[in-house]
Amino acid sequence: MSMSFRPEVEVHVTNGRKLSPSEPNSVIIRLKTKSVEIIIENQTTGRQNRRTQVSPPFLIDINLRSSSHDHIRTLLHDRLVGYPFESYLCDDLAPKISTAAIDLGFGHNGFTLTMAATVTYRTVSVMSNDEKSLRMVLLGRMKAEEFKSLKMETEPCSICLESLVSGPKPRDVTRMTCSHVFHNGCLLEWLKRKNTCPLCRTEIYD
Ligand SMILES: [Zn+2]
Ligand SMILES: [Zn+2]
């Protein structure tokens, strides 16, 4: 289950310079996108994990012929097509650009204006038990070389009783935190029903 919120937009002028009246009004916006994902791993204890990702800046350059919000919004719309929450972003940015343009003497002289905008998208997801198991299995996944170094090639998987690695085709294995090793597929099936290691009954997650 996942919820998204309206993004937070932070904008500031990084550079502004007045030009002669015959020069155009050029505005450059460096738009950075930051995604913050909050993963609630346990609803009872409230334990959570946070993942933040920042994308490289996206440059929007526009030529203002009017300081009206509508004009600026239309220019931004054209550049932001397909951007998440595009319309909300345009509504947020247009008045700020307009104010900065007026401060720089819109209508009396030309100018160059550079603004930095950071849009933060926040999502909150609650992990289901299936997702927790999958994540655990992925975290414990072992590479073939690592597995060979344990000298367990001949050991069977105690869930299906077949060999862990030998057989017609190689199978992925996972070592759990208790150090027991099983086939990934077998373990995922098992964890759908139980929350413990099949061998030692250590609890997998709380
Ligand atoms: Zn197995
Ligand atoms: Zn175990």
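Put a dot 7 Å past each Cα toward the Cβ at residue 160 and residue 63; how far apart are the dots in nm?
6.5 nm
Name the long-range amide H neighbours of residue 173: under 5 Å, sequence gap of 5 or more, or other chain; modelled H, no Pro or chain starts.
The answer is 142, 184.
Given a Förster radius of 35 Å and the C-beta distance between residue 200 and residue 124 as r, what FRET efficiency does 1/(1 + (r/R0)^6) yield to the nearest 0.05?
Computed FRET efficiency for residue 200 and residue 124: 0.55.
Sorted from fewest to most neighbouring beta carbons within 10 Å, what does the list 77, 183 look like?
77, 183
Please rank 111, 182, 5, 106, fewest neighbouring Cβ atoms within 10 Å first, as an exposure proxy.
5, 106, 111, 182
Can you give the Kirkwood hydrodynamic radius for region 3-130, in Å, rounded to one decimal and based on Cα pairs?
Taking the inverse mean of 1/r over all distinct Cα pairs, region 3-130 comes out at 16.2 Å.
7 Å from Cα along Cα→Cβ at both residue 35 and residue 116: what's the point-to-point distance in nm?
Using points 7 Å along Cα→Cβ, the separation is 2.3 nm.
Suppose only helical runs count, i.e. DSSP H with n ≥ 4. What mean residue ellipticity at 222 nm does that imply for the chain under -39500 (n - 2.57) per run, divided by all residues and rounded to the nearest 500 deg cm²/dmol?
-8500 deg cm²/dmol
Any chance you could run the full-extension gain for residue 18 through residue 77? It's 0.36 nm times the residue separation minus the Cα-Cα distance, nm to one decimal.
18.6 nm is the gain from fully extending residue 18 to residue 77.
Mind checking the dipole of the chain: about its Cα centre, +1 per Lys or Arg Cβ, -1 per Asp or Glu Cβ, Debye to the nearest 20?
That gives the chain a dipole magnitude of about 360 debye.
Cut-off is 10 Å between beta-carbons; in what order do 54, 137, 124, 81 appear when sorted fewest neighbours first?
Ascending Cβ contact count within 10 Å gives the list 81, 54, 124, 137.
Each value in this text was obtained by applying a stated rule to the coordinates, not by laboratory testing. Small disclaimer: the values here were computed from a predicted structure and weren't measured. Neighbour counts run over all protein chains shown; Cβ positions are idealised from the backbone, glycine included.
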